[in-house]
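Q: Dumping the structure here so I can ask a few things about it.
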Amino acid sequence: MPTRDPSLAERDPEIARLIREEAELEARTLRLIPSENYASRAVLEASGSVLTNKYSEGYVGKRYYEGQAVIDQVEALAIARLKQLFGAEHVNVQPYSGSPANLAAYLAFCQPNDPIMGLGLPFGGHLTHGWNVSITGRYFKSVPYGLSPKDHRIDLDEVRRLAHEHKPKLIWCGTSAYPRTLDFPAFRAIADEVGAKLCADIAHIAGLVVGGAHPSPIGIADVITTTTHKSLRGPRGAVIMCKQEHAKEIDRAVFPGLQGGPHNHTTAAIAVAAKEAMTPEFKAYATNTVANAKALAEGLLGRGFTLVTGGTDNHLILIDLTSRGVTGKVAAKALDRAGICANYNAVPYDTRKPFDPSGLRIGTPAVTSRGMGAAEMSKLAGWIDEVVKAPSDDALSARIAREVEEVCKSFPAPGLLTA
Ligand SMILES: *Cc1c(COP(=O)(O)O)cnc(C)c1O
């Protein structure tokens with residue numbers, strides 16, 4: 001038996017150094033990837049705890065392993081907090097991440113080759129909503145819907161027409177790159193007309209939903225899935241919420257349908273994040289995330305940028321760079337050199353290939369977690385404009401990277417102890 005248990009730095013200096021370097025990188029750069037955020041120190045502590053040691057296949061009070069006196073309390077607390085936070089009837093906190101959570105909805109409601117519908121990936125949908133390279137597009141008959149060619153908003157008339165034609169078992173409403181509010185009641189009406197289950201995937205907007213900055217699908221959709229690590233600011237993980245009538249099917253789909261033992265350290269960290277999200281500070285965070293996105297959008301529009309749908313209602317902005325003569329990839333790489341981390345993305349009806357599309361996707365959940373506001377959004381719009389004007393000017397990106405680092409010093413990120 002070891003007499004002492006070395007620290008990470010002692011045991012594995014290489015990994016310890018890489019973690020420190022990532023923390024330093026995160027501290028000195030601006031994170032504009034809209035699916036990313038900073039988990040708090042409390043969330044990180046729970047996530048890095050001894051709860052990772054325990055196997056607990058099954059659910060609270062019905063486990064296949066002994067020794068659950070503590071774990072049952074952890075999972076029950078996570079469930080109770082999420083029920084309160086979202087106003088949900090039933091909550092499953094065990095999905096390993098967003099993609100497995102979505103698979104559970106398929107397993108609960110669909111047979112192989114059943115028709116299903118979701119927003120197509122190139123229009124801002126998620127892979128798991130039936131895109132062809134995903135298992136969900138291969139094992140089900142996927143009928144993607146798109147955006148209106150006129151205003152690039154979800155075309156509910158097309159959703160209705162396709163739903164009546166194909167009679168899907170399941171309809172997804174939820175997005176990864178869509179800057180506008182989702183109309184859950186409209187989707188509910190369409191699902192009811194054709195007898196489909198409605199699944200709302202609020203992975204990106206969960207933090208806005210609980211903070212009152214986006215309408216909630218609770219009580220409207222049959223099932224609501226969400227990741228916990230995006231705007232909700234928890235650990236990497238996911239939860240599924242549903243009406244009581246679907247509780248058994250959803251629970252059985254997660255375990256034993258798709259998964260073995262739950263990640264109890266993640267469950268604990270989800271409980272911590274739920275507690276944080278119940279505070280007035282988090283409500284302000286959600287409001288500010290949207291206010292910052294709108295301010296950033298205004299700043300970009302004022303500098304001549306074209307934004308998909310002309311602006312944003314949520315945390316996310318999709319810039320169409322076509323008129324600026326730069327591709328999304330060139331812009332994203334140049335911004336990265338300038339300390340501004342974003343990702344290239346297709347724009348609706350993009351004529352370029354997915355690996356080098358015309359758009360840039362940015363969002364404000366992470367910079368808002370640092371406490372940044374309108375003044376910083378204005379600076380950010382200026383930096384993005386400068387970089388896009390001269391993406392191969394390395395002196396320019398180096399200068400901006402220094403300015404970014406200087407601003408970052410005044411806005412330490414949650415959880416980054418080295419900041
Ligand atoms: C991020 C995301 C997911 C998938 O989450 P992972 O944890 O990466 O598997 C699912 N749906 C939507 C809409 C997302 O944006």
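The values are calculated or read from the model by the stated rules, or taken from the named source; none is laboratory data. None of the values given here were measured: they were computed from a predicted structure. Reconstructed Cβ throughout: ideal geometry from the backbone, glycine too, with neighbour counts over all protein chains shown. Accessible surface is based on the protein model in full, side chains and every heavy atom, while ligands, DNA and RNA are left aside. Shrake-Rupley method; radii C 1.70, N 1.55, O 1.52, S 1.80 Å.
Q: Between residue 193 and residue 336, what FRET efficiency comes out of the Förster formula 1/(1 + (r/R0)^6) with R0 = 56 Å and r the beta carbon distance, rounded to 0.05? Working shown, then result.
A: Working: r = 46 Å, r/R0 = 0.82.
Working from the Cβ atoms, E equals 0.75.
Q: Now, a different point. Divide, for the range 287-410, the radius of gyration over alpha carbons by 2.2 N^0.38 Å, where N is the residue count.
A: For the range 287-410, the normalised Cα radius of gyration comes out at 0.98.
Q: Rounded to whole Å, give me the distance from the Cα center of the range 50-99 to that of the range 230-291.
A: The two parts, judged by their Cα centres, are 10 Å apart.
Q: For the range 230-325, report the accessible area per residue in Å² (1.4 Å probe, heavy atoms, rounded to an integer).
A: Counting only protein heavy atoms, the per-residue value for the range 230-325 is 37 Å².
Q: Continuing with the same structure: For the range 1-116, take the convex hull of the Cα atoms, compute a quarter of its surface area, and give me that in nm², please. Intermediate results must be reported in sequence, preceding the final value.
A: Details: hull surface 50.1 nm².
Reported value for the Cα convex hull: 12.5 nm².
Q: Work out which helices of the chain, taken as complete DSSP H runs, extend at least 18 Å along their axis over the Cα atoms and score a mean Kyte-Doolittle of 0.5 or more, then list them. List each step's numbers first, then the result.
A: Numbers: long enough: 13-28 (22 Å, -0.66); 69-86 (26 Å, 0.91); 264-277 (19 Å, 0.29); 280-302 (33 Å, 0.10); 374-389 (23 Å, 0.23); 394-409 (23 Å, -0.19).
Helices meeting the criterion: 69-86.
Q: Anything over 26 Å Cα to Cα? Flag those among 169/275; 54/283; 169/329; 141/197; 54/243, in the order listed. Before the final figure, lay out each step's value.
A: On the way: 169/275 35 Å; 54/283 34 Å; 169/329 37 Å; 141/197 15 Å; 54/243 29 Å.
Pairs exceeding the cut-off: 169/275; 54/283; 169/329; 54/243.
Q: Scan around residue 173 for amide H atoms under 5 Å from its own, H built in the peptide plane at 1.01 Å from N, and keep only partners 5 or more places away or cross-chain.
A: HN-HN under 5 Å from residue 173: 199, 200, 201.
Q: Could you work out the percent of alpha carbon pairs in the chain separated by over 38 Å, rounded to a whole number? Provide the component values of the computation, followed by the final result.
A: On the way: 19446 of 87571 pairs.
Result: 22 percent of Cα pairs exceed 38 Å.
Q: Can you quote the Å³ per residue value for the convex hull of the Cα atoms in the range 44-277, rounded to an integer?
A: Looking at the range 44-277, the number lands at 111 Å³ per residue.
Q: Hey, another quick one. In deg cm²/dmol, rounded to 500, what helix-only [θ] at 222 nm does the chain give when every DSSP H run of at least 4 residues adds -39500 (n - 2.57) and the total is split over its residues?
A: Here the helix-only value at 222 nm equals -13000 deg cm²/dmol.
Q: Another question about this same structure. Assuming a ≥ b ≥ c are the square roots of the Cα gyration tensor eigenvalues, decide whether the range 211-269 counts as rounded (a/c under 1.5), prolate (otherwise, with a/b larger than b/c) or oblate.
A: Verdict is oblate for the range 211-269.
Q: For the chain, modelled as a Gaussian network with Cα springs under 10 Å, which listed residue fluctuates most, 147, 25, 119?
A: 25
Q: Using only the alpha carbons, work out the radius of gyration and Dmax of the range 1-58 in angstrom.
A: 15.6, 47
Q: Taking the DSSP beta bridges in the chain as the whole, what percent of them are antiparallel, to the nearest 5?
A: Looking only at bridges with both residues in the chain, the antiparallel portion is about 55 percent.
Q: Once the other residues with Cβ under 15 Å from the Cβ of residue 256 are scored (Lys, Arg +1; Asp, Glu -1), what is the net sum?
A: Around residue 256, the charge tally is +1.
Q: In Å³ and rounded to a whole number, note down the convex hull volume per residue for the Cα atoms of the range 84-125.
A: That works out to 127 Å³ per residue.
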